[in-house]
Amino acid sequence: MDISALPLGEITFTPEGGLRLGALARMADVAADPAVREAYPVIAHALELSASPQLRNMATIGGNVMQRTRCSYFRDVSAACNKRAPGSGCAAREGYNRGHAILGTSDACVATHPSDLAVALAALDARIHTRGPGGERTVPFADFHLLPGTTPDREQDLRPGELIVAVEVPPHPRPLASGYLKVRDRQSYEFALTSAAVALHVQGGVIRSAGVAAGGVGTVPWRLRAVEQHLVGRRPAGGLWAAAAERAAEGARPLAHNGFKVDLLRRTVERQLRIVGGGS
Amino acid sequence: MSSSQPVSGDPPPDASPWHVSRRTFLVVTGVAAGGVAVGLAVVDAAAPDAGTVARVALAVNGEPVVVEVDSRTSLLDLLREHLELPGTKKGCDAGACGACTVHVDGRRVLSCLTLAVRLEGADVVTIEGLAPAGGALHPLQAAFIEQDALQCGYCTPGQIMSGVGCIQERHTGSAEEIREWMSGNLCRCGCYVKIVRAVEQAAGEV
């Protein structure tokens, strides 16, 4: 089925100041949009650090949110994988799991969600708009990607016959400083080992609201609410970023080869908080 | 995504999609966006609306062409196997190396991940069409020669098509910026330094 002719490619701002990205808007077009770059740098950064220029010219926002894990055992049809073949087991748990998740994992699955854009959208409290035989629905971003649990083959809250029509970022209080940091094995054209999306609203010298999420570490785009809670109501300062980032890896369950991600995640979050929030 | 299998009892499929028309196919159709199979139907590929073989009218290097293609055929295979344009190279055939880069409607894309059936009305430019036949080379082609920006040459058509896109997108402000915006094109010979120099040179001339 080819949906590419549907009129779902628009990039628009809502009257309230939110951003609506049509499901068929191209990654390259969203990243280059001057209004997007001005209002939500974290979205533009996350997109430009994804894939390659050719792929960003082809790939869509809806497709990016729907992309599947890069777990090599999921891609290898000769390996056990509960996501690909429910009940067959998980070769990654005892296999080479350096790139796998440390957060949100289950006995059945430790695969990492690969999207950068989704990490930015998680930090911004986005919503997914769908349309299907049962009508239109709006799904909070935090509820859209499903934790693997015992059913890792079920990855999204998308019903049979349903289509994503748009992703909406709600209006945020201004000024909003935001950005995305991606740490990987090579400088470009690579998936994240760890990443951090940060959006801060600072007024009167106090952090009034904070959106922080991490990539490369979770089975779904991973919202860091404990980090956010530590930031809100406090004044930006050098020591604050480290103290908040210390909470980034709460609940982490490292595997044999990815223990380094626990500390790397904390330091990635701390660095990006400092970049966005300022201070030494 | 669609997949097709011949029903048992039929002769094995011919390698050429031109010979599929009398076979009956079991077609499983899924909604790509949902990843969920929603329909199962037995269709006769001989019927023109069966969806297995489609007629597509597009322009390739400025020439209008009408082709009948299997719905699974990539633009890369259409170019190389059906239109006798082998300049576009098949490296990984999985979107990882950039060797198959062409321009569709003025944008650099990977032809191995582009289904030909989607290209109705599209304007495709390949390495063969970058410069007029018998005329001067494109400045980036000339720069690749002058800078000696290749060894085996297999990635070169993709590098050049990508580099032309990089220049058109104005991402040539520095060697570092060129490296980032050319990162989708791998070169196993390791000619990156000279490839960046060639793009820098051509960016100053275009």
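Annotations for the structure displayed:
- Considering residues of the stretch A:132-154 that are open to solvent by less than 30 Å² (accessible area, probe 1.4 Å) and in a helix (DSSP H, G or I) only, the residue farthest from residue A:47 (Cα to Cα): A:144
- Criterion violated by residue B:64 - all others in (1) without any contact (Cβ under 8 Å) to a residue 40 or more places away in the chain; (2) assigned to a helix (DSSP H, G or I) satisfied: (2)
- Within the stretch A:227-245, the residues that satisfy the criterion of being touching a residue at least 24 places away in the same chain (Cβ under 8 Å), assigned to a helix (DSSP H, G or I) and within 22 Å of residue A:169 (Cα to Cα) are A:227, A:231.
- For residue A:103, the conditions (1) farther than 19 Å from residue A:223 by Cα; (2) more than 14 Å from chain B (Cβ to nearest Cβ); (3) of a type in the set (A, V, I, L, M, F, W, C) all hold with the exception of (1).
- A single entry from A:256, A:226 fulfils the requirement of being of a type in the set (Gly, Ala, Ser), under 20 Å from the mean Cα position of the chain (by Cα), surrounded by fewer than 19 Cβ atoms within 10 Å (Cβ to Cβ) and farther than 27 Å from residue A:56 by Cβ: A:226.
- The number of residues in the stretch B:114-138 that are out of contact with any strand residue (DSSP E or B) (no Cβ under 6 Å at 6 or more places or on another chain) and either among the acidic types (Asp, Glu) or surrounded by fewer than 18 Cβ atoms within 10 Å (Cβ to Cβ) (or both) comes to 10.
- Selected residue (criterion: nearest to residue A:47 (Cα to Cα)) from residues of the stretch A:155-171 that are outside any strand (DSSP E or B) and within 18 Å of the chain's Cα centre (by Cα): A:170
- Checklist (1) part of a helix (DSSP H, G or I); (2) among the hydrophobic types (A, V, I, L, M, F, W, C); (3) more than 25 Å from residue A:37 (Cα to Cα) applied to residue A:248, failing item: (1)
- Residue that is over 26 Å from residue A:84 (Cβ atoms) and under 13 Å from the mean Cα position of the chain (by Cα), where the choices are A:121, A:117, A:176, A:181: A:181
- Residue within the stretch A:10-26 that is within 22 Å of residue B:184 (Cβ to Cβ), in contact (Cβ under 8 Å) with a residue 40 or more places away in the chain and touching a Lys or Arg at 6+ places or on another chain (Cβ under 9 Å) present: no
- The stretch A:1-34 - residue that is part of a helix (DSSP H, G or I) and open to solvent by less than 40 Å² (accessible area, probe 1.4 Å) and, of those, farthest from the other protein chains (Cβ to nearest Cβ): A:30
- Some residue of the stretch A:59-82 being under 22 Å from residue A:124 (Cα atoms), within 14 Å of chain B (Cβ to nearest Cβ), of a type in the set (Val, Ile, Thr) and in a strand (DSSP E or B): yes
- Residue match in the stretch A:178-196 (condition: among the charged types (D, E, K, R), within 14 Å of chain B (Cβ to nearest Cβ) and open to solvent by less than 40 Å² (accessible area, probe 1.4 Å)): yes
- Yes/no for residue A:268 being of a type in the set (Ser, Thr, Tyr), within 18 Å of residue A:111 (Cα to Cα) and under 21 Å from the mean Cα position of the chain (by Cα): no
- The lone exception for residue B:94 - which of (1) within 14 Å of chain A (Cβ to nearest Cβ); (2) open to solvent by less than 60 Å² (accessible area, probe 1.4 Å); (3) closer than 23 Å to residue A:56 by Cα it fails: (2)
The values are calculated or read from the model by the stated rules, or taken from the named source; none is laboratory data. What you see is a predicted model; the values in this text were computed from it and never measured. Neighbour counts are summed over all protein chains in view; Cβ atoms, including those assigned to glycine, are modelled from backbone coordinates with ideal geometry. Please note that ligands, DNA and RNA were not included when accessible areas were found on the heavy atoms of the full protein model with its side chains. Shrake-Rupley method; radii C 1.70, N 1.55, O 1.52, S 1.80 Å.
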